[in-house]
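Here is the structure we will look at.
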Amino acid sequence: MRPLLLTFTALLALAVTSCKRIESKLDRLAQAAGITKEPEPAAKAKSTEPVLTPEQEAMEKRLQESAVFDAAKPEDLVPKAVPFELNKSAVVAILGYHDFRERGGSPMIIAGSKFREQMKAIKDSGIPVIPLSDVLAWRKGEKNIPEEAIVITMDDGWEGVYSHAFPVLKEFGFPFTIYLYKKYVNIGGRSLSWSQVKEMMQHGCEIGSHSVSHESLRAKKNRSDADHQQWVLSELKDSKEFIEKNLGITCTSFAYPFGIFDDSTAETALQIGYESLVTVNNQKVTWDSPMGKLGRYIIHGESDTNFKLATSFRGRGDVSSNHFLVADAKDSEGRKLIEMSPAPEEVIKERRPLIKANLKHVGVLIPESIKLKVAGLGTVPAQYDPATMTVSYQMPYRLRAESCSITLSFKRSAELPDEVVNWRFKVDLAASYLPQS
């Protein structure tokens, strides 16, 4: 009986000692966490802790080294990094122009006033004009571009670009690209000077190559295959180096003279350092477009045909035939024509918002004509409530971009053009990672 009593006593002493040590450790953890302990009553005389046997010390060590008494880690309150998600559904229309004068007169020349009308139509539409370099960065997976966008280019290097087009582009804040060929730069007459080129580069102008001679790259002209291949290489390489030397830039884009090329030429151009090559084949640029064959719409003088094709996106009318409304448009009584939610430029925390547009102040419209487009999704199956004249769409997934663009279009009657309004709201991505109060 006595050995059993001794063992019980030893275990009791071990338990008391372990509890006291655990209590001491918890006090230290509470102090580290900033938790104050209620003052204890007047301290009583403490009894001396019994000395532990080696067996008891080993047992306590196992207890202390276990995870039972580990302090709980505070939740990380720093917002998590939001993964970058590339929008591969974007579509780009590249416009191609040549010369500009006071009046038109040929397919390659457009009147300055006509050009301004086209640029104003683009500005009023709200479709962003972006630099060609943004398209390249997008295709490299480095950044996103708008769901629908326009790029403006000019070929050859006519002085009319500086005197007629440049003031308009600067007025509207549009970036643009000029493709220069070596034999028609800074030679006087109607060619651009280096000083004019450099001035435009300070206002959103990028420079690409248009070859050395502007001859068709497939015209052999009695050259042997080997000589022709060498000539093509010099047309591509020499013009690139010429631009880089005179402007101190890296020239990464090339426009095929007359839009004529073959796969061999495209491959050679990419191998020597060009990253984008543009054609004249009236096609929009998508994620799947080969970088050596990017489509362009060449605008011919006074004809609006290609301009209308280029600026019509996903079945919607072109920028000159639609009637574009500003987001804060008002009716005759001064009431906001369309109430949007989320509102234009509003910053929201909900990442699956309900998108709504109230059209009650628009008046009579054709319900079947209503279309709602969301960046990244295209046309969505929005619901229309004729009683309240409200269009609504519940986002099916959590937004991962910092902004979301919406396009709403409708007709008031079959004879009238579509009316289109664009707006954008912003998403506070960090807020969704913070603890809810």
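Taken together, the residues in segment 244-288 that are touching a His at 6+ places or on another chain (Cβ under 7 Å) and either surrounded by fewer than 21 Cβ atoms within 10 Å (Cβ to Cβ) or aliphatic (A, V, I, L, M) (or both) amount to 1.
Check whether at least one residue in segment 241-256 is in a helix (DSSP H, G or I) and either outside the structural domain of R101 (by TED's automatic domain parsing) or in contact with a Ser or Thr (Cβ under 7 Å, 6 or more places away or on another chain) (or both), and report yes or no. Checked against the condition, which is being in a helix (DSSP H, G or I) and either outside the structural domain of R101 (by TED's automatic domain parsing) or in contact with a Ser or Thr (Cβ under 7 Å, 6 or more places away or on another chain) (or both), segment 241-256 yields at least one hit. Among the residues that make up segment 185-200, is at least one of them surrounded by 13 or more Cβ atoms within 10 Å (Cβ to Cβ), of a type in the set (A, V, I, L, M, F, W, C) and in a helix (DSSP H, G or I)? Looking for residues that are surrounded by 13 or more Cβ atoms within 10 Å (Cβ to Cβ), of a type in the set (A, V, I, L, M, F, W, C) and in a helix (DSSP H, G or I), one finds at least one in segment 185-200, hence yes.
Let's see how each residue does on (1) part of a loop (DSSP other than H, G, I, E, B); (2) crowded, with 17+ Cβ neighbours inside 10 Å; (3) touching a Pro at 6+ places or on another chain (Cβ under 9 Å):
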| position | (1), (2), (3) |
| --- | --- |
| P290 | yes, no, no |
| H300 | yes, yes, yes |
| F313 | yes, yes, no |
| S320 | yes, yes, no |
| A327 | yes, yes, yes |
| G334 | yes, no, no |
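Among the residues of segment 87-96, is any within 18 Å of A255 (Cβ to Cβ), buried (at least 20 other Cβ atoms within 10 Å of the Cβ) and among the β-branched types (V, I, T)? Looking for residues that are within 18 Å of A255 (Cβ to Cβ), buried (at least 20 other Cβ atoms within 10 Å of the Cβ) and among the β-branched types (V, I, T), one finds at least one in segment 87-96, hence yes.
Quick grid of which residues meet (1) in the same structural domain as E244 (by TED's automatic domain parsing); (2) part of a helix (DSSP H, G or I); (3) crowded, with 20+ Cβ neighbours inside 10 Å; (4) at pLDDT 95 or above:
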| position | (1), (2), (3), (4) |
| --- | --- |
| V161 | yes, yes, yes, yes |
| F166 | yes, yes, yes, yes |
| E206 | yes, no, yes, yes |
| S211 | yes, no, yes, yes |
| H228 | yes, yes, no, yes |
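If the condition is being in contact with an Asp or Glu (Cβ under 7 Å, 6 or more places away or on another chain) and aliphatic (A, V, I, L, M), then segment 247-264 contributes only A255. Does at least one position in segment 399-415 carry a residue that is buried (at least 17 other Cβ atoms within 10 Å of the Cβ) and out of contact with any strand residue (DSSP E or B) (no Cβ under 8 Å at 6 or more places or on another chain)? The answer is no, given that none of the residues of segment 399-415 is buried (at least 17 other Cβ atoms within 10 Å of the Cβ) and out of contact with any strand residue (DSSP E or B) (no Cβ under 8 Å at 6 or more places or on another chain).
Scanning segment 260-291 for residues that are within 22 Å of the chain's Cα centre (by Cα) and more than 19 Å from P131 (Cβ to Cβ) gives Q283, D288, P290.
Within segment 336-389, restricting attention to residues that are outside any loop (DSSP other than H, G, I, E, B) and over 17 Å from I406 (Cα atoms), which residue is modelled with the lowest pLDDT? Reasoning before the result, please.
Just the residues of segment 336-389 that are outside any loop (DSSP other than H, G, I, E, B), to begin with: 336, 339-341, 347-348, 354-358, 367-369, 371-374, 378-380, 383-385.
From what's left, over 17 Å from I406 (Cα atoms): 336, 367-368, 385.
Working: K336: 90, P367: 93, E368: 93, D385: 95.
My answer is K336.
Looking only at residues of segment 110-144 that are in contact with a Lys or Arg (Cβ under 8 Å, 6 or more places away or on another chain) and surrounded by fewer than 19 Cβ atoms within 10 Å (Cβ to Cβ), we find that the one that is nearest to W423 (Cα to Cα) is A137. Yes or no: segment 352-361 includes at least one residue that is under 21 Å from L86 (Cβ atoms) and outside the structural domain of E148 (by TED's automatic domain parsing). Scanning segment 352-361 turns up at least one residue that is under 21 Å from L86 (Cβ atoms) and outside the structural domain of E148 (by TED's automatic domain parsing). The single residue among R412, R424 that is in contact with a Ser or Thr (Cβ under 8 Å, 6 or more places away or on another chain), modelled with pLDDT of 85 or more and at negative phi turns out to be R424. Got at least one residue in segment 113-128 being modelled with pLDDT of 95 or more and in contact with a Gly (Cβ under 6 Å, 6 or more places away or on another chain)? Looking for residues that are modelled with pLDDT of 95 or more and in contact with a Gly (Cβ under 6 Å, 6 or more places away or on another chain), one finds none in segment 113-128, hence no.
The single condition among (1) closer than 22 Å to A149 by Cβ; (2) charged (D, E, K, R); (3) touching a His at 6+ places or on another chain (Cβ under 9 Å) that K336 does not meet is (1).
Among the numbered conditions (1) farther than 13 Å from R424 by Cα; (2) free of Cβ contacts under 8 Å to residues at least 40 places away in the same chain; (3) of a type outside the set (A, V, I, L, M), the only one that S341 does not meet is (1). Right, A375: outside the structural domain of N144 (by TED's automatic domain parsing), surrounded by fewer than 16 Cβ atoms within 10 Å (Cβ to Cβ) and among the aliphatic types (A, V, I, L, M) or not? Criteria not met by A375.
The values are calculated or read from the model by the stated rules, or taken from the named source; none is laboratory data. All figures in this text were calculated on a predicted structure; none of them were measured in a lab. Every residue, glycine among them, receives a Cβ derived from its backbone with ideal geometry; neighbour counts consider all protein chains shown.
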